[in-house]
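Read through the structure below, which is laid out as structure tokens, and then see the notes.
The values are calculated or read from the model by the stated rules, or taken from the named source; none is laboratory data. Since this is a predicted model, take the numbers as computed values, not measurements. Methodologically, a virtual Cβ is constructed for each residue, glycine included, from the backbone with ideal geometry; neighbour enumeration extends over all protein chains shown.
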Amino acid sequence: MSHMSQLHEPHPHRIAIVGVGRVGATFAYALLLSGLVGEIVLINRDHKRAEGEAMDLNHAMPLSETVRIWAGDYPDCAGAAVVVVAAGTAQRPGETRLDLDQRNAAIMADIIPRITAHNQTGILLIATNPVDVLSYVAWQASGWPHQRVIGSGTVLDTARFRYLLGEHLGVDPRSVHAYIVGEHGDSEVPVWSTANVAGMRLDEFCQREDCPLGPEVRERIFHRTRDAAYEIIQRKGSTYYAVAVGLLRIVESILRDQHTVLSVSSLVPGHYGLENIYLSLPTVIGRNGVERVLHLPLDKGETAALRESAGVLRGVLNELDRES
Ligand code: NAD
């Protein structure tokens with residue numbers, strides 16, 4: 001599809017993916033099957049890898065949806081509604097997400113200007129870890145309004161939390177409304193105080209339905225949520241399916257202007273006294289990217305934990321600043 005790489009016309013349904021490793025390629029696959037977009041361009045430092053993925057994905061097309069998919073380069077970001085960045089190294093067993101900051105911040109500083117040289121109107125969606133720190137770095141490097149630079153944040157952690165709660169409570173996880181906020185990582189915070197099923201706070205639900213949800217059960221569910229990546233990486237090397245679907249959900253809400261509430265990472269607009277930091281809070285996502293960051297009525301302990309999480313992220317950003 002070499003002629004496709006010459007196309008620079010704006011296309012409302014073009015999505016560019018920069019970094020076509022396990023996360024980027026799995027997202028491309030989910031996007032192909034979704035039928036949501038007309039064009040998917042794959043950009044990778046190792047171009048051959050992107051070519052291989054494009055070939056493999058294209059061969060699914062006669063059996064699925066019609067999408068133009070090709071291995072391209074930065075000029076192909078022109079006109080993309082969303083540019084998803086999943087380039088960089090992933091955690092190795094035993095590493096935290098924050099251990100990746102220097103390596104991946106350098107990659108981000110290299111990639112973002114190459115994207116914005118060809119696209120000034122799209123939305124940047126960052127998946128590379130540590131995602132909160134790198135979304136901030138990407139925002140600064142882009143010079144774009146913060147509403148159009150988003151990190152996948154705790155969309156994945158929130159999904160894991162809802163899945164585990166649904167399993168424990170015996171209800172569809174889509175009927176569980178609960179959020180993980182703060183860092184996508186070790187300092188993340190479960191918001192128990194507003195978690196509910198059918199509008200019933202979990203305490204009330206569990207009392208009525210006679211299922212235990214004491215402190216020990218809560219702690220176990222949260223730890224399984226927070227530490228899921230470590231558990232998966234230990235067993236299969238990396239995680240990519242659930243994050244790919246999370247990215248798809250964010251992109252869908254943007255393209256269809258759905259105003260879905262998703263716990264993406266974005267610039268906190270002063271809530272809880274926090275500013276100049278990227279972290280996750282329930283956020284209304286639409287055509288313009290961040291439409292609104294919701295101000296959850298957190299209890300005292302949750303507010304303190306969120307501030308602590310912001311402090312951890314601020315520390316990493318300051319450290320990066322000193323090193324650069
Ligand atoms: P991977 O090693 O499989 O893929 C990374 C890809 O990026 C490779 O193909 C590599 O060639 C490419 N790349 C590296 N530097 C590049 C550059 N400068 N320009 C273009 N491409 C470049 O890794 P993965 O498992 O796909 O993970 C990718 C990132 O996503 C990691 O940082 C990982 O921690 C993160 N991740 C995030 C979440 C989340 O919820 N946000 C979940 C899982 C993984």
For this session: For segment 205-222, state whether one or more residues are touching an Asp or Glu at 6+ places or on another chain (Cβ under 8 Å), more than 16 Å from the ligand (Cβ to nearest atom) and not assigned by TED's automatic domain parsing to the domain that holds VAL131.
Result: yes
Exercise. Among (1) farther than 27 Å from VAL268 by Cα; (2) at pLDDT below 95, where does THR96 come up short?
Worked result: (1)
Exercise. ILE232: within 24 Å of the chain's Cα centre (by Cα), at negative phi and surrounded by 17 or more Cβ atoms within 10 Å (Cβ to Cβ), yes or no?
Worked result: no
For this session: Can you confirm whether segment 94-108 contains a residue that is surrounded by fewer than 21 Cβ atoms within 10 Å (Cβ to Cβ), under 23 Å from LEU36 (Cα atoms) and either under 17 Å from the mean Cα position of the chain (by Cα) or in the same structural domain as LEU33 (by TED's automatic domain parsing) (or both)?
Result: no
Exercise. For the subset of segment 110-126 comprising residues that are crowded, with 16+ Cβ neighbours inside 10 Å and within 21 Å of ASP321 (Cα to Cα), which member is farthest from the ligand (Cβ to nearest atom)?
Worked result: ILE112
Seminar exercise, completed: If we keep only residues of segment 174-195 that are within 19 Å of the chain's Cα centre (by Cα) and not in a strand (DSSP E or B), then the residue nearest to the ligand (Cβ to nearest atom) is HIS184
Exercise. When both residues are 6+ apart or on different chains and their Cβ atoms are under 8 Å apart, which pairs have a first residue that lies in segment 13-29 and is farther than 16 Å from TYR241 by Cβ and without any contact (Cβ under 8 Å) to a residue 24 or more places away in the chain, and a second that is aliphatic (A, V, I, L, M) and not in a helix (DSSP H, G or I)?
Worked result: none
For this session: Name, by its number, the condition in (1) more than 16 Å from the ligand (Cβ to nearest atom); (2) in a helix (DSSP H, G or I); (3) of a type outside the set (Lys, Arg); (4) over 18 Å from the mean Cα position of the chain (by Cα) that does not hold for ILE254.
Result: (4)
Seminar exercise, completed: For segment 40-70, the count of residues that are under 30 Å from GLN147 (Cα atoms) and touching a residue at least 40 places away in the same chain (Cβ under 8 Å) equals 5
